[in-house]
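J.: Structure in structure tokens, see below.
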Amino acid sequence: MENIGTIVTVVSAIAAVLGALASRAETRKQHQLRTEQLRQSIDSASLDWGNTAIETLASAAMLARNRHVMDSDRAFQEARADSLTNLSTLIDRGRMFFPNLAPDRHGLNKDGAYQGFRAPILDSLVWAHEEVHALTREGGPTSEDSAAFIDACRKLLVSELQAHLDPRRMDQLLGRYTKQKQKHQDDAISRSGALRDELLTRRPDLSIDFWNRDTPKPETQP
């Protein structure tokens with residue numbers, strides 16, 4: 001009888017261990033499922049944002065192309081104001097998906113969402129916003145020249161959005177943008193810098209942050 005009791009105890013212990021392992025495996029499976037659902041939700045929201053951004057930049061380029069033939073200055077001003085509002089809104093909405101890079105190195109006196117360096121995908125919208133803001137109905141760069149610059153900004157945005165949603169990197173959930181392969185991130189920053197330089201050449205009166213993303217700078221705490 002004593003042996004039977006021992007066997008029962010051992011079997012019960014084994015069953016308890018197996019049950020715990022099964023429960024742990026199920027918990028892990030549920031966690032992975034919730035993580036995947038969250039990832040899909042984030043991807044869906046960022047894709048919706050990206051689609052709106054692409055359409056907004058395309059409309060801004062069309063505004064640049066057609067501004068000389070608009071019926072009146074008032075019509076142009078209203079169209080430009082709408083474009084600027086849409087671009088400005090998209091920039092801040094985009095911060096939910098593409099947080100600033102190196103937030104501990106720059107802009108420490110700013111609000112949290114604005115500390116660090118903008119991601120290149122948001123730079124594309126900022127540069128386009130500045131170009132639209134500088135547009136006049138007559139004068140300045142030609143319609144096609146302004147539109148081509150905005151189109152270049154749109155191409156940068158599309159490339160960065162595609163990289164963000166790359167299915168080969170589905171295992172990265174949070175912080176995917178900041179954990180891109182360094183070469184890709186460096187290339188994107190370089191393209192954004194080239195667009196910024198072109199914008200400053202076109203619009204010399206603009207004041208744009210010249211801090212280098214790669215060189216730490218001393219900051220004053222707020």
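Bear in mind these aren't lab numbers, they're just calculated from the coordinates by the rules spelled out. Bear in mind that the values here come from a model prediction, so they are computed numbers and not experimental data. Cβ: placed from backbone, ideal geometry, glycine included. Neighbour counts: every protein chain shown.
J.: For the ranges 92-104, 54-66, what's the packing order if you count other beta-carbon atoms within 10 Å of each residue, average per peptide, and put the highest first?
T.: On the way: 92-104: 16.5, 54-66: 19.6.
Averaged packing, sorted descending, gives the order 54-66, 92-104.
J.: Computed on alpha carbon atoms, what radius of gyration and Dmax characterise region 53-202, expressed in Å?
T.: In Å, with Rg to one decimal and Dmax whole: 16.4, 53.
J.: Residues of region 138-165 with the amide nitrogen closer than 14 Å to a label point 7 Å from the Cα of Val69, along Cα-to-Cβ, please.
T.: Label zone hits: 143-144.
J.: Only residues of region 42-59 count here: report those whose backbone N is under 18 Å from the spot 7 Å along Cα→Cβ of Asp187, or say none.
T.: Counting backbone N atoms under 18 Å from the label point, the list is empty.
J.: Okay, which of region 125-163 sit inside 12 Å, backbone N to the point 7 Å along the Cα-Cβ direction of Leu200?
T.: none
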